[in-house]
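Asks: I'd like to ask some things about the structure below.
The values are calculated or read from the model by the stated rules, or taken from the named source; none is laboratory data. Just so it is clear, the model here is predicted, and its values are computed rather than measured. Note that we place each Cβ from the backbone using ideal geometry, even for glycine, and neighbour counts take in every protein chain shown. Just the protein is used for accessible areas: all its heavy atoms, side chains included, with ligands, DNA and RNA removed. Shrake-Rupley method; radii C 1.70, N 1.55, O 1.52, S 1.80 Å.
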Amino acid sequence: MVRSEGARQIGDTAGAAPEGAAPPAPRHVAIIMDGNGRWAASRGLPRFEGHRRGVEAVRRAVRSAITLGVDYLTVYSFSSENWRRPPSEISELMGLLKLFVRSDLADLHANNVRVRVIGDRADLAADIAGLLDEAETRTRANTGLNLVVAFNYGGRQEILRAMRRIVSAVAEGRLQPDEIDLSTVTDALDTAGIPDPDLVIRTSGEHRLSNFLTWQTAYAEYVIEPGFWPDFDHDAFLAAVSEYHRRDRRFGGLSTGAG
């Protein structure tokens with residue numbers, strides 16, 4: 001069940017954070033990791049170096065999420081639209097994915113991180129699909145941070161897949177049309193069982209959702225980080241969480257300060 005307050009107190013379940021303590025962590029933080037290419041271009045480096053340094057930023061974000069007590073961290077690693085990039089860049093990105101899984105999976109597992117992958121795997125190369133399956137299978141019993149990797153993912157495409165599942169259930173007589181409600185759609189999405197994001201962070205200063213978690217982010221708070229993704233570190237993560245806690249989350253109701 002999604003917690004209505006969208007956050008929990010680190011080390012203090014009684015209420016407000018004690019003086020000097022870290023701010024409470026949003027239960028679910030989602031990140032649009034943007035700016036690898038521009039980071040590299042600004043330094044006269046090849047785009048691949050930006051992507052490589054972006055992987056290092058992912059490692060930092062995972063450590064920060066664990067330190068802050070975040071339950072779910074979703075990273076937008078490869079979108080459905082990214083296949084439009086030059087073949088050489090796609091090959092480099094697939095190589096980095098393979099390297100990340102092979103070199104980092106053991107460490108994630110040792111730190112009790114559970115890996116989940118969302119996105120369309122139907123037409124992925126066998127070696128890539130196998131690595132994703134391995135990451136999920138090996139960490140399935142872990143009970144710490146849930147690292148959700150959005151790979152070959154698009155929000156609209158995800159909703160389309162959900163609609164097809166629902167239509168099939170109706171056609172087969174397992175579901176009546178008047179039984180379809182918000183929870184029916186939510187349960188048909190790739191993210192079934194995962195609470196909606198409380199906080200979405202986008203790096204590089206862009207103000208776009210970019211087809212990311214279109215359904216799930218209806219009431220998320222957005223924080224735009226001006227820096228490029230390879231520079232994202234613990235201080236930037238903490239600053240985004242602090243900004244999140246300055247927001248008044250009303251979910252369509254009145255402000256908590258309203259009379």
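Asks: Can you pull a Stokes-Einstein diffusion coefficient for segment 153-224 at 10 °C (1.306 mPa s), Rh from Kirkwood over Cα pairs, as a whole number of µm²/s? Mind showing how you got there, number by number?
Replies: Working: Rh = 13.5 Å.
The calculation lands on 117 µm²/s.
Asks: Here's another thing I want to ask about it. For the chain, how big is the tail of P(r) above 25 Å, as a whole percent of Cα pairs?
Replies: Numbers: 15754 of 33411 pairs.
Counting pairs separated by more than 25 Å, the tail of P(r) holds 47 percent.
Asks: Which whole-Hz couplings ³J(HN,Hα) result when phi for each residue of segment 200-207 is put into the Karplus expression 6.51 cos²θ - 1.76 cosθ + 1.60, θ = phi - 60°, listed in order with x for Gly and Pro?
Replies: 10, 10, 10, 8, 6, x, 7, 10
Asks: Please list, in chain and number order, the residues 5+ apart from residue 116 or on another chain whose amide H is under 5 Å from its amide H, with Hs placed from the backbone.
Replies: Amide H to amide H, under 5 Å and 5 or more residues apart or across chains, residue 116 pairs with 147, 148, 149.
Asks: Springs between alpha-carbon atoms under 10 Å, Gaussian network over the chain: tell me which of 184, 203, 74 tops the mean-square fluctuations.
Replies: It is 184.
Asks: Relative contact order, percent, of segment 14-153 when contacts are C-alpha pairs under 8 Å separated by at least 6 residues? Please list the in-between numbers first.
Replies: Details: 175 pairs, mean separation 40.5, N = 140.
Reported relative contact order: 29 percent.
Asks: Turning to a different aspect of this structure: If exposed means no more than 15 neighbouring beta carbons inside 10 Å and the site is in a DSSP loop, what's the longest run of the chain without any exposed GluC sites (Glu not before Pro)?
Replies: Formally, the longest exposed-site-free interval is 20-171.
Asks: Pairwise over distinct Cα atoms, reciprocal of the mean inverse distance: report the Kirkwood radius of segment 26-85 in Å, one decimal place.
Replies: On the way: mean 1/r = 0.0787 Å⁻¹.
Value: 12.7 Å, from the Cα pair sum.
Asks: For the chain, report the accessible area per residue in Å² (1.4 Å probe, heavy atoms, rounded to an integer).
Replies: Numbers: 13180 Å² over 259 residues.
Roughly 51 Å² per residue, with all protein chains present.
Asks: What's the whole-number percent of alpha carbon pairs in segment 96-244 lying beyond 25 angstrom?
Replies: Working: 4612 of 11026 pairs.
Roughly 42 percent, rounded to a whole number.
Asks: Can I ask one more? Rounded to the nearest 500 deg cm²/dmol, what is the calculated helix-only ellipticity per residue at 222 nm for the chain, with -39500 (n - 2.57) per DSSP H run of length n ≥ 4? If you can, show how the numbers build up before the last one.
Replies: Working: 7 runs with 101 residues, N = 259.
When only DSSP H runs of four or more count, the value is -12500 deg cm²/dmol.
Asks: Tell me the trypsin sites (Lys or Arg not before Pro) within segment 101-133 that lie in a loop according to DSSP and have at most 15 other beta-carbon atoms within 10 Å.
Replies: On the way: sites: 102, 114, 116, 121; in loops: 121.
Hits after loop and neighbour filter: 121.
Asks: Also, I was wondering about something else. Where does segment 88-175 land on Rg/Rh, using Cα atoms and the Kirkwood Rh? List each step's numbers first, then the result.
Replies: Numbers: Rg = 15.7 Å, Rh = 14.7 Å.
Rg divided by Rh gives 1.07.
Asks: Loop only per DSSP, at most 10 neighbouring Cβ atoms within 10 Å: give me the trypsin sites (Lys or Arg not before Pro) in segment 140-243, ordered by residue number.
Replies: On the way: sites: 140, 156, 161, 164, 165, 174, 202, 208; in loops: 140, 174, 208.
Within segment 140-243, the qualifying trypsin sites (Lys or Arg not before Pro) (loop, at most 10 other Cβ atoms within 10 Å) are 140, 174, 208.
Asks: Something else: Considering the Cα trace of segment 193-254, what is its radius of gyration and what is Dmax, both in angstroms?
Replies: That works out to 12.4, 38 Å for Rg and Dmax.
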